[in-house]
Amino acid sequence: MNAIRFVSFWTGYCSLSFEIAWIRLYGYANLSTPKAFSYVLVVFLMGIAFGALLGKYICRQYSDEKILKTSIYILLFAAIFASLGPWIAYYARAVVLDNILTPAVIFVTSGILATLFPVTHHLGTPKDVAISGRGKHFSNVYILNVAGAALGPLVTGYILLEYFTITQIFPLISLLIILLAMIVWRISGVPWKGEWRLGGALILNAGGILLLGAYSLYDPHSLVRLFANTPGAHIVSSHEGRHGVITLATAEDGGTQDAVGRDFSVYGGNVYDGKTNVDLEKNTNGLERLLALHVLQPEAKKVLIVGLSIGSWLTVLEGFHGIDEIDVVEINSGYLELANKFAPQRRAIHDPRVKIHIDDARRWLKFHPEKKYDIILMNTTWHWRSNSSMLLSKEMLSLIEQHLTDRGVMAFNATGSVDAFYTASQVFRESRRYVNFIYGANWNAFDRIDLTSWDKLWGVSVDGHAGFSKGSLAVSKYASIPFVKIDEDLKKLDRLPEIITDDNMLVEYKYGLSH
């Protein structure tokens, strides 16, 4: 009886673990759009419903002894199929059948394990107990299944995904299912000798999963590379953790050890995040948007950066004249690890004026209400990405406003979202757009800007060297780009603007990226 409850617990854990793994993989493959979670959840729940019906049929048709033996085969099939699932999805993508086969793979993965849900309740409720007492046994099996499922997000989502890659997670959980199958075999009473079919299936499945596991140790980021959205570029370094997947890519072959003179692209969650380039004249990184902050507030002393990314913006910003203190809040420590691969970024990170805080930005700001800054830069990602509303919402911008000094200026990347610009205009007294960056202030920071204001950029240094060479035309080029008012963008909008809030997730769903 206790053994059946044990099986119920671990099938719940494995099922939720695979769901988490598929949300990570499917989300990565689909550019971190918010549909990944809902899509996988719907398919998973449909699989669970189908699996439960199949389990009900097995319980009605077979004796308890045969049900236990069938359960062993179910677990073995679940283990090998779940391990191969991501690879089936990749090859389905290669032949343009991913919209059919990928949900089918997720459906079958959840459905197989869900078959054991009614089975464990059937076997875990003894028939020789009075009907009035069966509820207790049934509920014991049920609560352990729920407990196992609850353990999935905690152990797999929070711990395993921090130390294992997505390529390794699938065979790792599958090996646990193989062990579970052996335990069920042990308690089933089915003899170990003479069951050559069952033994052969166990050996073949375990062997196949061990091979996949060995390959995942040899090439731990193989699935990340296969599903990467880096056309024409080569992934040279990856970091996978509980907060997501970060990759470095370059158009040239080779690693990061010879990075001098090369321009690496950074991808967070499989979408472009920026570049390692910090050359203000070459400027493949849109650095003029950052330099505009120095023009707007040339007397800044204290700076907050929300989102380190690869550290390029930090490297440039610390070269602004007069900066005394820079706080950087970054939730994903993987960026810090990758940034240290590049000499300019590494020197910037270890500058004594710089303090790196690995934390959620909103939580950190709430826990430090006394902190005030002359410049706050939010290194935001694409507005349509999952969870982007948490940075672009009115609530977040209002929190940022509370941490600005009286003559402070904040900036963030709206990535073309007029609603993000409109939301900022409702929070700050003054707001402008420069290229795709939005700048907000509660004083007349923009009224005094003219062509001569940009001359301050000649004093900017990068990694200890002058940012611009004598006679450079880059400064005048940047100065020619106008600061645009919200009214001008609203004229081009074919609908009424809307305010982004934490609750409506406007830019993620209603006006998000559609595929």
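The values are calculated or read from the model by the stated rules, or taken from the named source; none is laboratory data. These numbers were taken from a predicted model, which means no experiment stands behind them. Cβ sites come from the backbone with ideal geometry, for glycine too, and all protein chains shown count toward neighbours. Note: areas computed on protein heavy atoms with side chains; ligands, DNA, RNA excluded. Shrake-Rupley method; radii C 1.70, N 1.55, O 1.52, S 1.80 Å.
Here are the numbers for the structure shown:
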quantity	calculated
Gain on full stretching of the segment that runs from I187 to Y57 - 0.36 nm per residue minus C-alpha separation	44.6 nm
Cα point-scatterer Debye curve for segment 385-486, base-10 log of I(q)/I(0) at q = 0.11, 0.17, 0.22 Å⁻¹	-0.41, -0.87, -1.14
Over segment 92-220, volume per residue of the alpha carbon convex hull, in Å³	153 Å³
Segment 278-330, relative contact order in percent, only Cα pairs under 8 angstrom and at least six apart counted	41 percent
Neighbour cut-off at most 14 other Cβ (10 Å), DSSP loop, GluC sites (Glu not before Pro), segment 335-409	E370
At R0 = 51 Å, FRET efficiency that the Cβ-Cβ distance of Y509 and K456 yields, to 0.05	0.80
Exposure of D419 as accessible area (Å², to 10), given a probe of 1.4 Å and all protein chains	0 Å²
Peptide ranges 463-474, 107-118 listed from the most packed, as the mean C-beta count within 10 angstrom indicates	107-118, 463-474
Tail weight of P(r) past 17 Å, computed on alpha-carbon pairs of segment 427-515, percent	66 percent
Axial C-alpha extent at least 30 Å, average Kyte-Doolittle at least 1.6 - helices from the chain (DSSP)	166-188
Loop chymotrypsin sites (Phe, Trp or Tyr not before Pro), segment 167-196, which have at most 12 other Cβ atoms in a 10 Å radius of their Cβ (DSSP)	W192
Net charge dipole size for the chain [Lys, Arg +1 and Asp, Glu -1 on Cβ; Debye, nearest 20]	1520 debye
Global form of segment 75-121, assessed from the alpha-carbon gyration tensor, a/c cut-off 1.5	oblate
Additional length obtainable on full extension of the chain from I235 to V271, 0.36 nm per residue less Cα span	11.7 nm
Stretch gain in nm, segment I143-K301, where the contour uses 0.36 nm per residue and the Cα spacing is subtracted	51.3 nm
Approximate spin-label separation V96-D406, in nm, with each point projected 7 Å along Cα-to-Cβ	6.4 nm
Peptides ranked, highest mean first, by Cβ atoms within 10 Å: ranges 300-310, 156-166, 482-492, 352-362	300-310, 156-166, 352-362, 482-492
Segment 48-88: chymotrypsin sites (Phe, Trp or Tyr not before Pro) in DSSP loop, at most 16 other beta carbons within 10 Å	Y62
Span per principal axis, largest first, for the Cα atoms of segment 155-226 (Å)	44, 23, 14
Backbone N under 14 Å from the K371 label point (7 Å along Cα→Cβ), restricted to segment 285-304	302-304
Rounded D (µm²/s) - the chain, Kirkwood Rh over Cα pairs, Stokes-Einstein at 4 °C, 1.567 mPa s	50 µm²/s
